[in-house]
Each structure stands twice: as C-alpha cells, then as structure tokens.
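Student: My structure is below; once you've seen it, I'll send some questions.
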Amino acid sequence: MAVISESVKAMNGYKLHVVKTEKYKTNTLVWKMKAPLEKSTVTLRSLLPHVLQSSSSSYPSTGKLRAYLDELYGATLFVDLAKKGEYHVITISVEIANEKFLSDPTPLLKKAFQFLAEILTKPNVHEGAFDEDTVEKEKRTLKQRIQSVYDDKMRYSNFRLVQEMCKDEPYALHVHGEKDDVDNITPQRLYEYYQQAMAQDELDLYVIGDVEEADAESYAGELLTFEKRSPQTAPASSGRTKESVNEVREEQDVKQGKLNIGYRTNVVYGDPEYYALQVFNGIFGGFSHSKLFLNVREKASLAYYVASRLESHKGLMMVMSGIDNSNYDQAVSIIKEQLEAMKNGDFTEQEMEQTKAVIKNQLLETVDTARGIVEVLYHNVVSGKEITLQTWMDEMDKVTKEEIAATAKKVSLDTVYFLTGKEAGK
Amino acid sequence: MEKITFDQLQEELYYEKLESGLDVYILPKKGFNKTYATFTTKYGSIDNHFLPPGKEEYVNVPDGIAHFLEHKLFEKEDGDVFQQFSKQGASANAFTSFTRTAYLFSSTSNVEMNLETLIDFVQDPYFTEKTVEKEKGIIGQEITMYDDNPDWRLYFGLIENMFKNHPVKIDIAGTIESISHITKDMLYECYETFYHPSNMLLFIVGPVDPDQIMTQVRDNQSKKDYNEMAEIKRQVEGEPSEAAKKKKVLEMNVQTSKCLVGIKSSTANQSGKEMLKNELSLNVLLDILFGKSSEQYSTLYSEGLIDDTFSFDYTQEQGFGFAMVGGDTNDPDRLAETLQKMLLDAREKGTISQETLDRTKKKKIGAFLRAVNSPEYIANQFTRYAFNEMDLFDVVPTLESITLDDVENAAGNLISEERFTVCQVVPKK
C-alpha cells in the first residue's frame, strides 16, 4: 500500500490533487499560489491573502464572513505565507467537519468548495479596487506582523542570519514583505496585483479527507475555473561560496545570546545527494540524539536548545542555539568540530541507522495530518520533480556512510550571526 | 478490560485499572501511522508543599523542582533515554504544567518496545549529585530563554497579578536561584511522593491492538512491586477571591506593546460534570464575546486596538482558574479599558441572543471534531480531563446541552471588577 495515494488532475488553470483517507473527522481544502520571490511583489503578495480572507462580495464584513463559517460547524479559514527556495507561496485553507459525525446532514464539503470559490473569485471589490476600509485595516496589521519578528528574539536572529547570508539574493526578503512598502499600496494597486496573480501564479488545490474523487472533481470543475498559464520559474538557487566567512555580531538588550550559523549545502531537493543530506543533517543536529545536542547541551551544558535544520529548496542549513553571551567561542568551536567530524566520516553505523529510523518516523508522522500531507506533496510542485514518499524513504535507506561524508564535504560555512546582550565581553 | 464506545464519533476506548492503581486507556486509531503514548503523573509546579510518604512533617520544595525532575528522569546510569528511543525509531519528549508532568513518545514502528521503554524509564529514577549539577546549566538556559520572551513574561505576569498565595503564580521552571538549591535527595522525595502508579495515567492512541497492548502493560506492571499508596496530602494556603494586584507594566526590548486582561475565577473548587459544564459555558461565552464573528472583535480590530495575535482563553484546574484576553496592541491602556468595559457589559442579562449561542455551539462542536483528528490532543486532553474527574468524550453532549441561562450564569459568576487584572509589556524607553 502506498503511504499516500495522491491523484492529480489538470483542471482549468490549476492542478487538483485528491488524497482520499478515512483518518480524519474533517475534510480539508488547501489552495496554493506560487510565484517567484521578488522585492517588487513580496509585500503585495503578503497583504493579498489577508485582504481576501477578511471579507468577500457576499460577506462584505469580517463579522458576517466569520459568522457564516461558525454556522458551518466552525469551518476554519486560514491563510499563510512561506518562502520555498526562491518562491513565495500563498496558502489558503478551509477545513470543515465531515457531516457523517454530526446529527445534522447538511452537505458540508460542497459548501466548503463554494466558500473557497467565493473567497478566491468574488472578493469585496468596487470599481476596480478592493474595499478601502478593509485594505487599510489589513495594512496596519501587516505592519505589525512584519514588526513582530523583532520582538521574538529566536525568530529575529534566524531572520537576521538569512538577511546577512543571502544579502543580494531574493531569499533575504522577509516572508511578510517590507514594512516601508506597505504604505504605498493602494486598494487599486492591490486589485491589479490580485488579477495578475490569479492569471499568472502556479495554482494547486489539494483536497484531503473522506471524499469521493469524482465529487471533488465536479465541485472544483464547476466552481473554480481559471485561464491557462505557463507559470514563471525562478532562477535556480545559486550555489555561491563566499571567500571568507561572514561574521556578524549585534548587540541588544537580551539576557540570552542567540547563535545562528548558516551553511550552504550545495544540494537541493531532487538532487541525487538530497537523501544523504537529510541523513547528514539528522546525525549532525536534527534530533535529540544528534551530535550538536549531545556535545553542546548534554556534555558541555551550554544550551537548552541547539539544532540544525535544512531549507531544502534553497540549499541552506541553519544551526540555532541560545547560549550565555560569554560562551560564544566555546559553542562555535564545538559546532565546528562536529561538522569536521561529519566530513571525516567520524560517526558510527549505529548513529546512521538510528537517524534513518527517526527521519522515516518523522515523515510518516507528518502525513498523519492533512496539512503535513500537503507539505510533503507540495515539495514536488516547488521542485518540478516527482518523488513519492515511498521513493524518498527507500532512497534514504540506501544511503551509505561514504555518501554522507561526501555530502558533508560539500557543506560550507557561510555566515555566523550572534545576537548578544549588552554585557557581553566585559 | 472495559470497552467504551462513542457511536457518533465512531471511536472505541479501552480501559483498565491495574492492581497497582495505574489507569490505562487505549484508543485504537485505524489508518494512522503514528502511535502516541503519554505516561502522566498528577504532579506539577503547584505541588510544592506536601507530606512525603512515611513522614510526619510537611515539606516545602524549591520552585521549579517538578520540571527539574522531568528533565532528570531521562538520564540513566548507562546514558540518556532519548538515545534509546531514537534507536527504536521513536521521538520522545516530556512537559510539565501547573498540575501534571507527562512523558511521551511517538513512533510508527517498534511500538511495543517503545512502550516498554516509556513505562520503564519513568518508573526507574536515577539521580546523582553530578548529573543534578550539570542539569542546572541547561535549565538555566531554558529559564533565560523564557526571560527574553515577551509573551511568556506577559502571561506569567498576569498570573502573578491574580494570585496572592496560590503556587500557580510560580514560574513552572523556577528561577536560576531557586533551582540552585535542588539536590538529588529532594528529587527522590518528590519522586516517591508523586510517581506512584495510583497517581498516574497511561494513554496509548494509534493503530494498535488493544488486547495485546493491555496484556503487555499488565505484564510489565506485575513484575514490579508497589506498596499500597496512601492519599497524597498537599497543602495550599487560602486564596482571596479578588485579584492580588490590579496592574503591572513590564518594560522590555520590544517594538510593539502587549496587553492582557485577566479575570481570576470564582469557581475554583469544582470538578467532574459541574466543572465541565462551567468550563464549556465560559469557553462559549468568550467565543461569543471575542470570536472573529463578534461585534466586539470587529470594533477592536477596526479601531486598530488589536491585530491577529489577539486571543482569549479560559483555564481551570482543581483549586484555581482564570480567563485571559488580549494580544499585541499599539495602545495598551485603551485596549485594557475597552476589554474591561466589554466584559462588564456582557454580564448584563439579555445581551446574548439564542441565535448567537446556537451558532457558537455549532462552531465549538466542529472545533472538537477537528481536535480529535490529533492523537496528541486526545491523549493530553483526555488525561487532563480524567485528573479533574471529567470525560473528554462528554464534550459534545455537554456543549449541546448548554442553554442561555448556563452562559449567563457563568458570565455572572466570572465577571467582577474586583477579580480583573491587567498586565502589559511596553517598549523600554
């Protein structure tokens, strides 16, 4: 039995993906819109889904729209933005109870499709512009959302690392856009951009739950129709290496120092070495049995959290940790030593097997949630590859020690960012 | 083994109380890859003043010790248990709340082996002076991390404002100073008081065979000796009904201010069905008042007093309870004032329509269905409910039974000016 059985069908202007499963008591629709990440559109794209979800032509206020969702047994409407490599992805999802668990037999799935179609195709627009009040309110919230990264020091230092590391690349852009660009957005301009995105973005609709494929197809065909398009592709991520390591130190009034280290892995999702890279990251810093956790936390007691994670489509690996300001040198040197050990193949068969087992476990757990299923499947849309979850796990199983060490050798240190308290170094 | 069926939800729950007093629940979930198990003791940060077994005098233990013990239980003579779990393809974790300490794993293979590891490691404490000292560095960093986190400071600041004596006001991790006093002997004393099987609950949810799992747990427990356990004696000082402090402003390194309004609960001594009804009525009330479809939400959002970090919540356990509402804001004083006025207005009878109540109940029922998609939610919440003598699977029927009177009474009992308090985080000047 396949781990996930996805059926994909080309519709008018988008692809429909149906994953039929009886696991859930709800059905989930996930709408994805993908376009290259660019300075000129990043802020518009960040604002757009928030304006779309706040009202529509049939539900012209947030109160009315949300009351309708409550009436549909608390269907949820949720929007999100993400950077995947050099792409900026908008997600709009609707989750609704499966009526077979209710005493009331209202056909909720169809209503969910109608509602999603309403949000996407019948926005609250007058004379070629979005409703002005709505846009103004959402602009204010967007500014606060962008600004809020500053207040969560973990997110902030992660963001600052990427900003420093990818200085001249689109990836340095903030996923929620640029605060200075928010004020210039007018309701007309946003509406123009909405039309452009609907005409040009790569669009995908995922339907997850105990649904008949034929029903999903007929609802989608009837309610969601867009023009054909050939979506823009972003230039391939550069595998550039810096001549010297970029070291950035920033002082703020914080008690705990945040150490964030960025590496170029020079491997992306879909590359033959991708599976070895996953195992490498797992042994190095992905889990609580990993080298970083054992050496930085358990042996040296320097940190509560220390971990590494991959940005698979961009080819980056990020290490993050919270340490005492005075332990910077010790922490950096332990982390560097662990990477050297990986390059030298200084890890055991057992560490390797253990890591493969845990990664496999993690993947299988991810696809126990509807959102997780979509995240796993959407990698293929972003990369233009066709890799099933089964292939992913099989290929990972075959990875050898030599391949892991060889992949580790491709990993190069790019930037060390340290957010430090004002008392540091005294 | 008892089998309990929930027809509407199409779920079956298996239950047995073992001889040692341990409660074991198994919920089979077909089609899932993951099995999730939690092993939880009814022991949290509030249990800092108690009578250890065989002793005659009550002891006061340092703040943060329940959480410290949670960390230390993972370490054994031959290494740490995380290693063991990951060798078996599982991921393990633990958390400490005000009233509970839970140990858990999730895995998609080797379930029996992982379950054995879970039960055995929790039932086999190993503390040494040396490893206790080492942990102080790690937990010290955990505490410092939270110190820099404005949302955590705001949340705890609000709870501190509400309570004068009750230990719920103590930060779960303690302070760097308080944990410095922890010794291995204290850890053993806490362990012996609170980790008896009769004070614990094991919950397993996933694609499992209940007979097989129950047999395994029974066999595991029958190999271990436990004395009869006397009732655990905890001591808690009396707590006045009004909030201890009306307002606190914390200056932090932030750009946006934050503001929470809290209300100390007046119904702290409930349990069972009474507690379930009260808790759900208050959740419905808060949703009617501050949910995204409410007039109040529209007003607050339109006036720019809130953004999408706005949230509200009601927490109740035996002995304490509180509601909180708020979020990031550009005008913390005006937000505090407006929220308090909205709450007081809501106390007046007749402000809620039957239509709004029905809609909100529907919303809550849908939210419950969504929540039971999650094995984590089922295990963690079922345990919390059971420790309060409630049943998670009574939520839908109880929600259906809630009337306008119930909501109005709950509002009348909760909302009172003397129980209000405000906590704000503002940018440093």
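Student: For a test of the definition: using alpha carbon positions, the gyration tensor, and the 1.5 limit on a/c, classify the stretch B:330-429 as rounded, prolate or oblate. If you can, show how the numbers build up before the last one.
Tutor: On the way: a/c = 2.13, a/b = 1.38, b/c = 1.54.
Oblate, since a/c reaches 1.5 and b/c is not below a/b.
Student: Using +1 at the C-beta of Lys and Arg and -1 at the C-beta of Asp and Glu, which of A:Gln188, A:Tyr171, A:Ser157 has the Cα lying farthest in the positive direction of the dipole of the stretch A:90-206?
Tutor: The residue sitting most towards the positive pole is A:Ser157.
Student: State the answer as a single residue: which of B:Thr35, A:Pro49, A:Pro107 lies farthest towards the positive end of the charge dipole of the protein assembly as shown, with beta carbon charges of +1 for Lys and Arg and -1 for Asp and Glu, about the Cα centre.
Tutor: A:Pro49
Student: Which entries in B:Lys164/B:Lys246; B:Lys34/B:Lys223; B:Lys164/B:Lys248; B:Lys258/B:Lys429 show an alpha-carbon gap greater than 23 Å?
Tutor: On the way: B:Lys164/B:Lys246 12 Å; B:Lys34/B:Lys223 28 Å; B:Lys164/B:Lys248 14 Å; B:Lys258/B:Lys429 15 Å.
Correct reply: B:Lys34/B:Lys223.
Student: Within the set of other residues whose C-beta is less than 14 Å from the C-beta of A:Lys122, count the net charge using Lys and Arg as +1 and Asp and Glu as -1.
Tutor: Details: positive: A:Lys64; negative: A:Glu118, A:Asp131.
So the environment of A:Lys122 carries a net charge of -1.
Student: Considering only B:Val122, B:Asn269, B:Cys259, whose Cα is most displaced toward the positive end of the charge dipole of chain B, charges sitting on Cβ of Lys, Arg (+1) and Asp, Glu (-1)?
Tutor: Among B:Val122, B:Asn269, B:Cys259, the one farthest towards the positive end of the dipole of chain B is B:Cys259.
Student: Can you tell me how the stretch B:200-249 classifies by the Cα gyration tensor, rounded, prolate or oblate, using a/c under 1.5 as the rounded cut?
Tutor: Details: a/c = 5.57, a/b = 2.07, b/c = 2.70.
Oblate.
Student: Working with all protein chains in place, sort A:Phe78, B:Phe163 by solvent-accessible area computed with a 1.4 Å probe, largest first.
Tutor: Working: A:Phe78 85, B:Phe163 10 Å².
So the residues, ranked largest to smallest area, are A:Phe78, B:Phe163.
Student: At B:Gln318 and B:Asp147, where each label point lies 7 Å from the Cα along Cα→Cβ, what is the point-to-point distance in nanometres?
Tutor: Computed distance between label sites B:Gln318 and B:Asp147 equals 3.6 nm.
Student: Now for a different question. How high is the relative contact order of chain B? Use alpha-carbon pairs under 8 Å, at least six apart in sequence, and give a whole percent. Working shown, then result.
Tutor: Numbers: 764 pairs, mean separation 91.4, N = 429.
Relative CO of chain B lands at 21 percent.
Student: Then there's this: What is the pair-distance distribution P(r) of the stretch A:133-237, computed from all Cα-Cα distances in 5 Å bins starting at 0, with each bin given as a whole percent?
Tutor: Calculated over all Cα pairs of the stretch A:133-237, the distribution is 2, 9, 12, 14, 14, 17, 15, 9, 6, 1 percent.
Student: Another one. Top mean-square fluctuation among A:His313, A:His126, A:His17, Gaussian network model of chain A, C-alpha springs under 10 Å?
Tutor: A:His126
Student: If you take every residue apart from A:Ser55 with its C-beta less than 14 Å away from the C-beta of A:Ser55, what net charge results, scoring Lys and Arg +1 and Asp and Glu -1? Intermediate values should be presented prior to the final figure.
Tutor: Details: positive: A:Lys64, A:Arg66, A:Lys122, A:Lys137, B:Lys292; negative: A:Glu118, A:Asp131, A:Glu132, A:Asp133, A:Glu136, A:Glu138.
Neighbourhood net charge equals -1.
Student: What does the charge dipole of chain B about its Cα centre add up to, to the nearest 20 debye, if the Cβ of each Lys and Arg holds +1 and the Cβ of each Asp and Glu holds -1? Let's see the in-between values first.
Tutor: Working: 46 positive and 70 negative charges, 166 e Å.
So the dipole magnitude of chain B works out to roughly 800 debye.
Student: Now, a different point. Two decimals is fine: what's Rg over Rh for the stretch A:300-426, C-alpha atoms, Kirkwood radius as Rh?
Tutor: 1.02
Student: With a 1.4 Å probe and every protein chain kept in, tell me what percent of the accessible surface of chain A is carbon plus sulfur.
Tutor: Numbers: 7780 of 16520 Å².
Ligands and nucleic acids excluded, carbon and sulfur reach 47 percent.
Student: Can you give the average number of partner chain beta-carbon atoms within 10 Å of each beta-carbon in peptide B:147-156, as a whole number?
Tutor: Values: counts 3, 14, 5, 4, 2, 0, 0, 0, 0, 0.
Average neighbour count from other chains, rounded to a whole number: 3.
Student: Let me ask another. Need one number for the stretch B:258-337: average projected area of the convex hull over its C-alpha atoms, nm².
Tutor: Details: hull surface 21.1 nm².
Projected area, direction-averaged: 5.3 nm².
Student: Here's something else I'd like to know. Per residue of A:59-72, count partner chain C-beta atoms within 10 Å of its C-beta, then hand back the mean as an integer. All intermediate terms of the calculation are to be shown ahead of the outcome.
Tutor: Values: counts 0, 0, 3, 6, 10, 2, 2, 7, 9, 2, 5, 16, 7, 4.
Taking the mean over all residues of the peptide, I get 5.
Student: Out of the stretch A:240-298, which GluC sites (Glu not before Pro) are coil in DSSP terms and have no more than 14 other C-beta atoms within 10 Å?
Tutor: Details: sites: A:Glu243, A:Glu247, A:Glu250, A:Glu251, A:Glu273, A:Glu298; in loops: A:Glu243, A:Glu273.
Answer in residue order: A:Glu243.
Student: Could you list the residues of the stretch B:274-310 with an amide nitrogen less than 20 Å from a label point located 7 Å from the Cα of B:Leu9 in the Cα-to-C-beta direction?
Tutor: Those under the cut-off are B:274-284.
Student: Packing-wise, with mean Cβ within 10 Å as the measure, how do A:149-158, B:193-202 rank, highest first?
Tutor: Values: A:149-158: 18.9, B:193-202: 21.8.
Final packing ranking: B:193-202, A:149-158.
Student: On to the next question. With the convex hull built on the Cα atoms of the stretch A:134-192, state its orientation-averaged projected area in nm².
Tutor: One quarter of the hull surface, i.e. the mean projection, equals 4.6 nm².
Student: Counting Lys and Arg as +1 and Asp and Glu as -1, each charge on the Cβ, what is the dipole of the protein assembly as shown about the Cα centre in debye, to the nearest 20?
Tutor: On the way: 99 positive and 135 negative charges, 322 e Å.
Dipole size: approximately 1540 debye.
Student: Work out the P(r) tail for the stretch B:47-190: percent of alpha carbon pairs separated by more than 28 Å, whole number.
Tutor: Working: 2634 of 10296 pairs.
That fraction is 26 percent.
Student: Also: Can you give the Rg to Rh ratio of the protein assembly as shown, both from alpha-carbon atoms, with Rh computed by the Kirkwood formula?
Tutor: Details: Rg = 27.0 Å, Rh = 28.7 Å.
A ratio of 0.94.
Student: Tilt of helix A:108-121 relative to the longest C-alpha principal axis of chain A, in degrees (0 to 90, nearest 10)?
Tutor: 80 degrees
Student: Continuing with this model, one more query. Express in % the proportion of alpha carbon pairs of the stretch B:36-86 at distances exceeding 18 Å. Spell out each step's value before the answer.
Tutor: Details: 619 of 1275 pairs.
The share of Cα pairs beyond 18 Å in the stretch B:36-86 comes to 49 percent.
Student: Report the local net charge at B:Ile46: Lys and Arg +1, Asp and Glu -1, summed over other residues whose C-beta lies under 13 Å from its C-beta. Show your work: numbers first, answer last.
Tutor: Numbers: positive: B:Lys42, B:Arg100, B:Lys169, B:Arg234; negative: B:Asp47, B:Asp63, B:Asp171, B:Glu237, B:Glu239, B:Glu317.
So the environment of B:Ile46 carries a net charge of -2.
Student: Viscosity 1.567 mPa s, temperature 4 °C: Stokes-Einstein D of chain B from its Kirkwood Cα radius, in µm² per second?
Tutor: Taking Rh from Cα pairs, D becomes 56 µm²/s.
Student: Length gain on complete extension for the stretch A:Ser244 to A:Asp133, per 0.36 nm per residue less the alpha carbon to alpha carbon distance?
Tutor: Details: separation 111, 0.36 × 111 = 39.96 nm, distance 4.98 nm.
Extra length available between A:Ser244 and A:Asp133 comes to 35.0 nm.
Student: Also, quick follow-up: What shape does the stretch A:41-91 take by its C-alpha gyration tensor, where a ≥ b ≥ c are the square roots of the eigenvalues and a/c under 1.5 counts as rounded, a/b above b/c as prolate, and the rest as oblate? Spell out each step's value before the answer.
Tutor: On the way: a/c = 4.70, a/b = 2.02, b/c = 2.33.
Cα axes put the stretch A:41-91 in the oblate bin.
Student: Across peptide A:148-155, how many C-beta atoms of other chains are within 10 Å of each residue C-beta, on average?
Tutor: On the way: counts 9, 1, 4, 14, 5, 6, 3, 0.
For this peptide, the per-residue mean of nearby foreign Cβ atoms is 5.
Student: A further question on this structure: In the stretch B:8-58, carbon and sulfur make up what percent of the accessible area (probe 1.4 Å)? Please report the intermediate quantities before stating the final value.
Tutor: Details: 910 of 2090 Å².
About 44 percent, which is the carbon plus sulfur part of the accessible surface.
Student: Run the helix sum for chain B: -39,500 (n - 2.57) per DSSP H stretch of 4+ residues, divided by residue count, reported at 222 nm to the nearest 500 deg cm²/dmol. Present the calculation step by step, with values, prior to reporting the outcome.
Tutor: On the way: 15 runs with 179 residues, N = 429.
The helix-only estimate for chain B comes to -13000 deg cm²/dmol at 222 nm.
Student: Now, a different point. Report the extension gain between B:Lys224 and B:Thr351 in nm, rounded to one decimal, defined as 0.36 nm multiplied by the number of residues separating them, less their alpha carbon distance. Intermediate values should be presented prior to the final figure.
Tutor: Details: separation 127, 0.36 × 127 = 45.72 nm, distance 5.85 nm.
Using 0.36 nm per residue and subtracting the Cα-Cα distance, I get 39.9 nm.
Student: Now a separate question. Evaluate the charge dipole of the stretch A:164-219 about its Cα centre and quote only its size in Debye, nearest 20, assuming +1 on the Cβ of each Lys and Arg and -1 on the Cβ of each Asp and Glu.
Tutor: That gives the stretch A:164-219 a dipole magnitude of about 380 debye.
Student: A:Ser103 versus A:Ser333, label points 7 Å from Cα toward the beta carbon: distance in nm?
Tutor: For A:Ser103 paired with A:Ser333, the spin-label model returns 7.1 nm.
Student: Run the numbers on the stretch A:361-388: which residues show a drop of 10 Å² or more in accessible area, chain on its own versus all protein chains together, using a 1.4 Å probe over heavy atoms?
Tutor: With the partner chains in place, the stretch A:361-388 has these residues losing at least 10 Å²: A:Asn361, A:Leu364, A:Glu365, A:Asp368.
Student: What fraction, in whole percent, of alpha-carbon pairs in the stretch B:1-101 exceed 22 Å separation? Provide the component values of the computation, followed by the final result.
Tutor: Values: 2745 of 5050 pairs.
That tail contains 54 percent of the Cα-Cα pairs.
Student: Something else about it: So for chain A, what are the equivalent ellipsoid semi-axes in whole Å, largest first, each being the square root of 5 times an eigenvalue of the Cα gyration tensor?
Tutor: 39, 27, 20
Student: Next question, about the same structure. Identify the chymotrypsin sites (Phe, Trp or Tyr not before Pro) of the stretch B:367-421 meeting these criteria: DSSP loop state and at most 11 other C-beta atoms within 10 Å of the C-beta. The partial results should precede the final answer.
Tutor: On the way: sites: B:Phe368, B:Tyr377, B:Phe382, B:Tyr385, B:Phe387, B:Phe393, B:Phe420; in loops: none.
Here no loop site has a sparse enough neighbourhood.
Student: If you don't mind, there's one more thing I want to ask. Under the √(5λ) rule applied to the eigenvalues of the Cα gyration tensor, what semi-axes describe the equivalent ellipsoid of the stretch B:102-260? Give them in Å, descending.
Tutor: On the way: eigenvalues 271, 85, 73 Å².
That gives 37, 21, 19 Å for the three semi-axes.
Student: Enter the buried accessible area of the B/A pair, total of both sides, probe 1.4 Å, in Å² rounded to the nearest 100.
Tutor: Working: alone 19800 and 19330 Å², together 33410 Å².
Summing both sides, the interface buries roughly 5700 Å².
Student: Can you work out ³J(HN,Hα) from phi for every residue in the stretch B:127-132, in order, using Karplus 6.51 cos²θ - 1.76 cosθ + 1.60 and θ = phi - 60°, giving whole Hz and x for Gly and Pro?
Tutor: 10, 10, 4, 5, 6, 5
Student: Please tell me which of these pairs span more than 25 angstrom C-alpha to C-alpha: A:Lys34/A:Lys409; A:Lys25/B:Lys364; A:Lys32/A:Lys242; A:Lys111/A:Lys179; A:Lys336/A:Lys410; A:Lys25/A:Lys122? Please list the in-between numbers first.
Tutor: Numbers: A:Lys34/A:Lys409 33 Å; A:Lys25/B:Lys364 14 Å; A:Lys32/A:Lys242 34 Å; A:Lys111/A:Lys179 36 Å; A:Lys336/A:Lys410 15 Å; A:Lys25/A:Lys122 29 Å.
Listed pairs above 25 Å: A:Lys34/A:Lys409; A:Lys32/A:Lys242; A:Lys111/A:Lys179; A:Lys25/A:Lys122.
Student: In the stretch A:30-120, what is the volume of the convex hull around the alpha carbon atoms, normalised per residue and reported in Å³? Mind showing how you got there, number by number?
Tutor: Working: hull volume 8.3 nm³, N = 91.
Measuring per residue, one finds 91 Å³ for the Cα hull of the stretch A:30-120.
Student: Continuing with this model, one more query. Roughly what angle does helix A:349-366 make with the longest principal axis of chain A, taking Cα atoms, 0 to 90 degrees, to the nearest 10?
Tutor: Approximately 20 degrees, to the nearest ten.
Student: Pairs A:Lys83/A:Lys385; B:Lys184/B:Lys264; A:Lys83/A:Lys167: which are spaced more than 27 Å apart, C-alpha to C-alpha? All intermediate terms of the calculation are to be shown ahead of the outcome.
Tutor: Working: A:Lys83/A:Lys385 18 Å; B:Lys184/B:Lys264 36 Å; A:Lys83/A:Lys167 16 Å.
Violating the 27 Å Cα-Cα cut-off are B:Lys184/B:Lys264.
The values are calculated or read from the model by the stated rules, or taken from the named source; none is laboratory data. All values derive from a computational prediction rather than experimental measurement. FYI the Cβ positions are ideal-geometry reconstructions off the backbone, even for glycines, and counts take in every protein chain you see. With ligands, DNA and RNA removed, areas are computed over all heavy atoms of the protein, side chains included. Shrake-Rupley method; radii C 1.70, N 1.55, O 1.52, S 1.80 Å.
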